[in-house]
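> I am attaching a structure below and will ask some questions about it afterwards.
The values are calculated or read from the model by the stated rules, or taken from the named source; none is laboratory data. Since the model is a prediction, treat every value here as computed from it, not as a measurement. Cβ sites come from the backbone with ideal geometry, for glycine too, and all protein chains shown count toward neighbours. Protein only, heavy atoms only, side chains kept; ligands, DNA and RNA dropped before computing areas. Shrake-Rupley method; radii C 1.70, N 1.55, O 1.52, S 1.80 Å.
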Amino acid sequence: MANLALMLSVTEENYLKAIFKLSTTDGESISTNEIAAEIQTTPASVSDMLKRLADKGFISYEKYRGVHLTPEGKALSIGLIRSHRLWEVFLVDKLGFKWDQIHVIAEELEHIKNPELIAKLDKYLGFPTHDPHGDPIPDAAGNIAYHEPISLHLLKTGDKAIVVGVNEQGTDFLQYLDKIKIGLGVQIGILDSNNYDHSKLVSIHSQKVFLSEKVCKNLVVKTI
């Protein structure tokens, strides 16, 4: 299986990551349409790729019955995610990139197939547990310590929380957060919630700011 992993294309690896991202803890099958939406391609193209990945032993796939990662596919997916997030830490902490600049670069670096390099990178960075977007970094054994998934839009007036992650990692969104001075570790207090558009008036750095429902849904927080 290790030899097969070396033969996977970047596109095949990206499919495995997408399937892992869509996987649920209850083990439900993932549909072709779900994968097509995540990859932004056609269901027909997805079906062709799934057949190839199944032939290589990385997924279990039956037409009209959905997809599951095999243990080998899951391990490879987690390895790619670990590599990606470690490279993001390196780009921000060591090279001075901003958090809105690093995703595309890390997408390229994650496909370097050198386990020793990743192990040494992890050690060099001091074994970080989360990347610059707040996402957990799998450890060398593949364990992932997920955040409790609480979005800011669920909080009520009077609640206080600390930003621990973002659900959206697009450049425009991250630059917007920089503009209003929201980043990981920032404390937010809910001053008012609007029933009409579900926006919120919040306190950030002693300043009052209105946040749209979309922004609130994309901020992952820990209540305090």
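> Percent of accessible area on the range 139-224 owned by carbon and sulfur, 1.4 Å probe? Numbers along the way, then the final one.
Details: 2670 of 5270 Å².
Result for the range 139-224: 51 percent of the exposed heavy-atom area is carbon or sulfur.
> Ranked highest first by the average count of other Cβ atoms within 10 Å around their residues, in what order do 123-129, 53-59 fall? Walk me through the intermediate numbers first.
Working: 123-129: 12.1, 53-59: 18.6.
My ranking of the peptides, most packed first, is 53-59, 123-129.
> Is the shape of the range 49-198 rounded, prolate or oblate, going by the alpha carbon gyration tensor and its root eigenvalues a ≥ b ≥ c, with a/c under 1.5 for rounded and a/b larger than b/c for prolate? Intermediate results must be reported in sequence, preceding the final value.
Values: a/c = 2.27, a/b = 1.43, b/c = 1.60.
Judged from the Cα gyration tensor, the range 49-198 comes out oblate (a/c at least 1.5, b/c at or above a/b).
> Can you list the lysines whose alpha carbon sits under 21 Å from that of residue 208, skipping same-chain ones fewer than 8 residues off?
Within reach: 156, 160, 179, 181, 200, 217, 222.
> Then there's this: Nearest 20 debye, what's the magnitude of the dipole of the chain about its Cα centre given +1 on Lys and Arg Cβ and -1 on Asp and Glu Cβ? Show your work: numbers first, answer last.
On the way: 24 positive and 29 negative charges, 70 e Å.
Approximately 340 debye in magnitude.
> With the full set of protein chains in place, find how many percent of the accessible area of the range 17-134 is carbon and sulfur; take the probe as 1.4 Å.
Ligands and nucleic acids excluded, carbon and sulfur reach 53 percent.
> Full-extension gain between residue 179 and residue 52, please, as 0.36 nm times their residue separation minus the C-alpha to C-alpha distance.
Value of the extension gain: 41.3 nm.
> Let me ask something else. When the helices in the chain are scored as -39500 (n - 2.57) per DSSP H run of 4 or longer and the sum is shared across all residues, what 222 nm value do you end up with, to the nearest 500 deg cm²/dmol? Write down the numbers at each step before the final one.
Working: 9 runs with 93 residues, N = 224.
Helix contribution divided over all residues of the chain: -12500 deg cm²/dmol.
> Given the options 80, 174, 201, state which has the largest fluctuation in a GNM of the chain using a 10 Å cut-off (strictly under) for Cα springs.
Most flexible of the set in this elastic network: 201.
> Going by average Cβ neighbours within 10 Å, how do the peptides 152-159, 41-48 rank, with the highest at the top? The partial results should precede the final answer.
Numbers: 152-159: 15.1, 41-48: 13.5.
Ranked by mean Cβ neighbours within 10 Å, highest first: 152-159, 41-48.
> So, one more: Taking the alpha-carbon distance from residue 63 and a cut-off under 13 Å, which aspartates and glutamates remain once sequence neighbours fewer than 8 residues away in the same chain are dropped?
List returned: 48.
> Over the chain, with the other protein chains present, what is the accessible area per residue in square angstrom, probe 1.4 angstrom? Mind dumping the intermediate values first?
Details: 12780 Å² over 224 residues.
Dividing the accessible area of the chain by its residue count gives 57 Å².
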